[in-house]
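Right, one structure below, let's go through it.
The values are calculated or read from the model by the stated rules, or taken from the named source; none is laboratory data. Because the structure is predicted, anything quoted here is derived from the model rather than measured. Here Cβ is always computed from backbone atoms with ideal geometry, including for glycine, and neighbour counts include all displayed protein chains.
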Amino acid sequence: MIPFMARQILETSDQTNPASFVLFLLIWLTDLFDGFIARKFNMESELGKILDPAVDKIFQITTAFCFYLIDYIPLFVPVILISKDLILVLGGLYLFTKRQDTSSKLPGRISTFLSAIGFALLFILEEAHRHFARYLIYLSIFISFVAFFVYLHIFIAYKCKNKTQI
């Protein structure tokens, strides 16, 4: 569904587009619902612990990049998201291979939630009010830096505990 949403955003960049907004909501809500079901019914899997965050990152970066391409947000937003997520994915894969917990932490969840709300608002707000959505996205980026340092602390603690070089 992500490619269809991206196509809708890019094809109707000069107006609010209900189809792209509905696709965005479906993607976001199915992700929330899927995670809820997995936790509620103890259906979490090691593969799901990798794929779910990966798809979340692809969804967030694709949305940000599309909004940049239609001039709704500045370039630094997708650049920061890509850079941060690349570092987090590499660190997470390393910890995963060492059988360490790589689950998301509260600051990361808050950041993801705020960016999703910010992106949703970009779909529905008129140009004169889109700055509110951008501020929310900027706040989510700030919180993602907090999350980054939480994950960095976990990574360094693991390395120190195991006395291996960083």
Task: Enumeration of residues in region 58-91 that are over 15 Å from the mean Cα position of the chain (by Cα), of a type outside the set (A, V, I, L, M, F, W, C) and surrounded by 15 or more Cβ atoms within 10 Å (Cβ to Cβ) - done: Tyr68, Tyr72, Gly91
TODO: Confirm whether Thr30 is modelled with pLDDT under 95, more than 20 Å from Phe155 (Cβ to Cβ), among the polar types (S, T, N, Q) and exposed (fewer than 13 other Cβ atoms within 10 Å of the Cβ).
DONE: yes
Task: Residues being surrounded by 12 or more Cβ atoms within 10 Å (Cβ to Cβ) and over 17 Å from Leu114 (Cα atoms) - total across region 45-54 - done: 5
Open item on the list: Checking Asn42 against (1) of a type in the set (S, T, N, Q); (2) buried (at least 16 other Cβ atoms within 10 Å of the Cβ); (3) without any contact (Cβ under 8 Å) to a residue 60 or more places away in the chain, only one condition comes out false. Which one?
Closed with: (2)
Task: Candidate set: region 80-105, residues that are in a helix (DSSP H, G or I) and under 15 Å from Asp52 (Cβ atoms); chosen: the one modelled with the highest pLDDT - done: Asp85
Open item on the list: Name the residue that is nearest to Ile117 (Cα to Cα), counting only residues in region 11-27 that are more than 19 Å from the chain's Cα centre (by Cα), surrounded by fewer than 14 Cβ atoms within 10 Å (Cβ to Cβ) and modelled with pLDDT of 85 or more.
Closed with: Pro18
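Condition check ((1) of a type in the set (Phe, Trp, Tyr); (2) in contact with a Gly (Cβ under 7 Å, 6 or more places away or on another chain); (3) farther than 23 Å from Tyr138 by Cβ) across all residues:
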site: Phe4; (1), (2), (3): yes, no, yes
site: Leu29; (1), (2), (3): no, no, yes
site: Leu47; (1), (2), (3): no, no, yes
site: Asp52; (1), (2), (3): no, yes, yes
site: Asp56; (1), (2), (3): no, no, no
site: Tyr68; (1), (2), (3): yes, no, no
site: Tyr72; (1), (2), (3): yes, no, no
site: Pro78; (1), (2), (3): no, no, no
site: Leu90; (1), (2), (3): no, no, yes
